[in-house]
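Here the structure comes first, spelled out in structure tokens, and everything after it is commentary.
Here, each number is a calculation from the coordinates, and none is a lab measurement. Just so it is clear, the structure is predicted and the values come from calculations on it, not from any experiment. No Cβ is skipped: glycine too gets one built from the backbone with ideal geometry, and neighbour counts run over all protein chains shown.
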């Protein structure tokens, strides 16, 4: 009986310990919450839509965060001899200063390398696609945006930088993955002890953005009309007392290393010629997970409430019967990419097109499919004064394709020596057993002054 008091004391102690209330979990860090997450490639790419961002920030009080895929280490320098990594350091600072004029302070870089060219697959390779996506998903979970805006993931006749396209691809993938806890689960696993060092998991939460919009640097943007909202830059900002085109020019003027942005903006501010900045900002609605119209405002239908994760359809291989031919490389990638991510709005948006300079090389990747296992012949129909340029890997005209096999073919052409006013058309026709099995066409804008290699 003498043990009873000790037993009762222990029982009371255990009950007291069990009744202690754990502290409430902290919510996400509101300092990093974004209404708009802009995902682009290079420092100064944000200037493509600053005419709209000024309106969203100053009049609608939207919180904007920006992700740059690269530090801009491959660009030119209009100010000094700095190049490569040194230029990248300058351009990152320029970007932060430019965005700070709009009050945008949350800026990230994915760590890719600037890859001048038009091939998205090459840019994804040099960016280290997986690492860039890993970082992009993390930033999307950290900023919890309602709207994501990015470059159009499509091959266009225009500047068509492969890095621009890569930014659009990664932003789309992150849009579809950030809400799925099974992708990069280390990011959404709670730490054991958030107050101490040594935690490997990150404690974020899955997040599903609500809308995805694209913009483009295509030479002719008529294809974008009616595909999304359009914002005039001519309106005057009530809060700033300036038209939006002027606010956009002032922001762009901070990118002084770049002749086609910062230097151009400086000239516009000095001369008063704002023709370039007065063009409206056009967006293409990629996908929306809330109710609203295609051409309605970017925030139409959006509320403050989070939405459930919406799984993309994913890749489903198409059944191919018989023998056929199709464009390969980026063209084939985009066909599959758009279907797998539910971007029906982009299907058929543009015919296969490209812009190159006079007296330059055009590379056309082709895929030959065969269900029968026959030799397939290719014939070219070229514009006037064009010719095929044979290389060690593409000097053939006939290709033995095994049954069930896809044979990749690289065709290189040299364009005419003079620029052309009208679109040029290249046609590749395939035949097997003396009968045609299909053809592909590529429209070419033969521009005199064009800098990016294809």
Once fully extended, how much extra length lies between residue 335 and residue 194, figured as 0.36 nm per residue of separation less the alpha-carbon to alpha-carbon distance?
46.3 nm
Considering only C-alpha atoms, what is the centroid distance from the range 262-290 to the range 88-156, in Å?
19
Rounded if a/c under 1.5, otherwise prolate or oblate - the chain, Cα gyration tensor axes
oblate
With r as the distance between the Cβ atoms of residue 423 and residue 100 and R0 = 51 Å, compute the FRET efficiency 1/(1 + (r/R0)^6) and round to 0.05.
0.75
Full extension from residue 267 to residue 237: what is 0.36 nm times the residue separation minus their Cα-Cα distance, to one decimal in nm?
8.6 nm
Note the angle between two axes, namely the Cα long axis of helix 329-340 and the longest principal axis of the Cα atoms of the chain, as a number of degrees from 0 to 90, rounded to the nearest 10.
40
What the Cα atoms of the range 217-256 span along the principal axes, largest first and in whole Å, is 32, 28, 11
R0 = 35 Å: FRET efficiency of residue 309 with residue 219, Cβ-based, nearest 0.05?
0.40
Round to the nearest 10 and give me the degree value, 0 to 90, for the angle of helix 162-177's Cα axis relative to the longest principal axis of the chain.
40
Sorted by average packing, counted as other Cβ atoms within 10 angstrom per residue and highest first, what order do 428-434, 143-149, 122-128, 242-248 take?
143-149, 242-248, 122-128, 428-434
Once the Cα atoms of the range 130-206 are picked out, what are the Rg and Dmax in Å?
15.2, 53
Separation between the residue 347 and residue 279 pseudo-spin-labels, each 7 Å from Cα along Cα→Cβ, expressed in nm?
3.0
Highest average packing first - 31-37, 252-258, 78-84, Cβ atoms within 10 Å:
252-258, 31-37, 78-84
Where does the range 324-447 land on Rg/Rh, using Cα atoms and the Kirkwood Rh?
0.99
When all C-alpha to C-alpha distances in the range 88-183 are sorted into bins of 10 Å, what percent of pairs does each bin hold, rounded to whole numbers?
15, 42, 37, 6
Could you give the distance between the Cα centres of the range 403-428 and the range 39-54, to the whole Å?
33
Compute the projected area of the convex hull of the Cα atoms of the range 181-256, averaged over all viewing directions, and report it in nm² to one decimal place.
10.7
For the chain, take the longest principal axis of its alpha carbons; what is the angle in degrees between that and the long axis of helix 84-100, to the nearest 10 within 0 to 90?
60
Using helices alone, I'd like the mean residue ellipticity at 222 nm for the chain: each DSSP H run of four-plus residues gives -39500 (n - 2.57), total over residue count, nearest 500.
-7500 deg cm²/dmol
